[in-house]
Structures are given as C-alpha cells and as structure tokens.
1. Would you check which residues across the range 253-277 are closer than 18 Å to Thr64 by Cβ and in contact (Cβ under 8 Å) with a residue 40 or more places away in the chain and list them?
2. Would you be able to say whether some residue in the range 288-295 is in contact (Cβ under 8 Å) with a residue 60 or more places away in the chain, surrounded by fewer than 23 Cβ atoms within 10 Å (Cβ to Cβ) and either touching a Cys at 6+ places or on another chain (Cβ under 8 Å) or on the phi < 0 side of the Ramachandran plot (or both)?
3. Report yes if some residue within the range 190-197 is within 22 Å of Lys304 (Cα to Cα), away from ligand 1 (no atom under 16 Å from the Cβ) and crowded, with 24+ Cβ neighbours inside 10 Å; otherwise report no.
4. Please tell me if Gly80 is within 16 Å of ligand 2 (Cβ to nearest atom), surrounded by 22 or more Cβ atoms within 10 Å (Cβ to Cβ) and among the small types (Gly, Ala, Ser).
5. Go over the candidates Glu72, Glu67, Glu19 one by one and state the one that is over 28 Å from Gln181 (Cβ atoms) and either away from ligand 2 (no atom under 16 Å from the Cβ) or out of contact with any His (no Cβ under 9 Å at 6 or more places or on another chain) (or both).
6. Taking His250 as meeting all but one of (1) in a loop (DSSP other than H, G, I, E, B); (2) within 16 Å of ligand 2 (Cβ to nearest atom); (3) surrounded by fewer than 18 Cβ atoms within 10 Å (Cβ to Cβ), write down the number of the exception.
7. Look at the range 169-188 and say how many of its residues are out of contact with any helix residue (DSSP H, G or I) (no Cβ under 8 Å at 6 or more places or on another chain) and within 16 Å of ligand 1 (Cβ to nearest atom).
8. Only one of Gly61, Gly82, Gly10 is under 14 Å from Asp109 (Cα atoms), touching a Cys at 6+ places or on another chain (Cβ under 8 Å) and in contact (Cβ under 8 Å) with a residue 40 or more places away in the chain. Can you tell me which?
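The values are calculated or read from the model by the stated rules, or taken from the named source; none is laboratory data. Here the structure is a predicted model, which is why all the values come from computation and not from measurement. Reconstructed Cβ throughout: ideal geometry from the backbone, glycine too, with neighbour counts over all protein chains shown.
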Amino acid sequence: MQIKLWGVRGSLPTPMDREEVRSKLKSAIEHARTAWQQEPGRDISDVIDSMHPGQKSIIGGETTCVEVRHGEVELIFDMGTGARRLGVDMMQRGHKGDINVLFTHTHWDHIQGWLEFQPAYQPDNTVHFYSCLEDLEERLNRQQHPEHSSMRFSDLPCKKVFHYIPPGESFDVGDCHITTQPLIHPGGSIAYKVEAGGKTFVFATDTEFYGPEIHERMKEYNRFFHGADLLVMDAQYSLEEAEQRKGWGHTAMTIAVDCSLYWNVKELVLTHHEPAHNDENIWKLFDEASEYLEEFAQQDKELKIYTAKEGDQYELE
Ligand SMILES: [Zn+2]
Ligand SMILES: [Zn+2]
C-alpha cells in the first residue's frame, strides 16, 4: 500500500505569507553559510539535504486529501483543497475509469477541493462516493448551489455512484477491506481502516481525544485502532489549545502520541494542522511531541512519529 498526503491543513487553506518565506530563506542561508565555511566546495544538494525539514521543506497549506494505492485500487480520502493537485496528477498519468472517494464528513475543509478536481469533468470516469452519510449527494449538491458555484453537481460530466455504509460497518473495494468507525467531532466524522496485503492503514482525521474520560475513550477505541501499521491522525492543537477549545473536535499532538502508544500503533503521522500555526510553530509542537515520546514510551514500544507535510509518501509492504 502506498499512502500520499495531498493536503494536511485543518479548517481552512493556509498559504505561507511573505514574512514566513523570508524567515525560512534566512534560516536556510545561515545554515548554508556555516556548512560552506566548514567545507568549502560542498555540493549544494548535499547542503540542502543536511538542513532541518523546517528549513528545506514546507508543511503546506492545502486542506485534507489523502491518496491510497494498492495494486490497481486507488482510494481518495476526503476532497479538501489538496484534491486539486491530486486531480492534476491523475490526469497527467492518464487515470481512467473508476475513482473511489471516501468522505470522513462534509466540513468545508474536506469537500471544497471537489470543485476543482479535474477527473470529475471527464465523461469516461465513474466516481464512487463512499460515506456513512445517507444524504451525501444532497450535501454535495448544496455545495454547488448556483449561489456558491458556477457548475451544479448534477451537471458534472463524470458518472456518479453513491455507496452508503452504515457507521461501524465494513466493505470491500477490490482487495482492500475497509472498516468504518464513528469519531468524536461536532456533526460527526468517520475513521477508515484499510486492510490490504497484510498491512493496516488507519485514517482518523477530525476527532477529539481530550478530557477526564480520555482513558475510557482510548480503551473504547482500542479494538478499531489496535496494531495499525500506519495511522494518520488529527493533531491540530497544542495541549493549551486543546484545553481552551474543548468541544471543537480536535486533538493535541502529545495526546495523539498517547493514544497511539496505548493502541500499539507502529507509525503515527500527525495531521490537520492548525491554520494559525506557521511551519515554525508546527515543528516546535512536533519536537515537543518527540521529546514526550522519548520520555514516556515504554521500552517495548517502538512507535515512530512524523509530522504530516504536503507531498509526503509512506509505503507499507
Ligand atoms: Zn477538518
Ligand atoms: Zn471537521
């Protein structure tokens, strides 16, 4: 299974501003200056490779969209604004036929990219919509009401097939076995577990693990999450923000680490980054989460954690 992240921002698209670009450039140039002072003539690609990810890359501002490929099967989780670039990529590689889109819920940051998803404008394509929402088609129609969009959902040239999955139930797409799990989020959200080729991938965005009953919740969800090879999970907040925004439906980075340790997850990708956080803030939170993991992980646990960056790819084999 290959997993690619096309959008990792929560709530709203968040492009970098000019101050942030300037500060990133400054930090990268300072790093390069020191590297060349120590070793004049060092190859430029080698110097770039030696930089901190915060200097040499960007977290990215597109909202949630994750692509999973397993053999011939292609699954798309959510249609945040990251779906625009995924659509361009699919067109460039000549993707034809069935497209499987699985929705966690229909908050704007999970549906808006559909409006610019080029494969939907191809009459030969059939888009299969999977969700635990009986009225998903109505919701997508509402997004494209003429007051909000120049094209109605029903006028899009692709064929559309809706598959309603009762919450908690499983289904198959090709040889991918997929299980749904309701999460804790205002208006509801669904996690998906994909089992294929002996590996397990879990996508659990937009969920709130917090509060006095957190251990009960972790226990309650253990059956679904237990032993996942890769978990991409909501980690929008710092601990302070999670405290201030109780009931908003998101999780703090360190708590996502706690949950993953409890569930014996092997690799955790922290995603749905807060729009008010710039790259520096996100790397700082990630460093705190890494220190927390080092301090509290038990000897027998080997959890690896990553911060989600647009364009990152993971391979489960
Ligand atoms: Zn969201
Ligand atoms: Zn949401």
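1. The answer is Ala256, Val269, Thr271, His272, His273, Glu274, Pro275.
2. Within the range 288-295 (the criterion being in contact (Cβ under 8 Å) with a residue 60 or more places away in the chain, surrounded by fewer than 23 Cβ atoms within 10 Å (Cβ to Cβ) and either touching a Cys at 6+ places or on another chain (Cβ under 8 Å) or on the phi < 0 side of the Ramachandran plot (or both)), the answer is no, since none of the residues qualifies.
3. Yes: the range 190-197 contains one or more residues that are within 22 Å of Lys304 (Cα to Cα), away from ligand 1 (no atom under 16 Å from the Cβ) and crowded, with 24+ Cβ neighbours inside 10 Å.
4. Yes: the conditions hold for Gly80.
5. Exactly one residue qualifies, and that residue is Glu19.
6. Failed condition: (3).
7. 6
8. Among Gly61, Gly82, Gly10, only Gly82 is under 14 Å from Asp109 (Cα atoms), touching a Cys at 6+ places or on another chain (Cβ under 8 Å) and in contact (Cβ under 8 Å) with a residue 40 or more places away in the chain.
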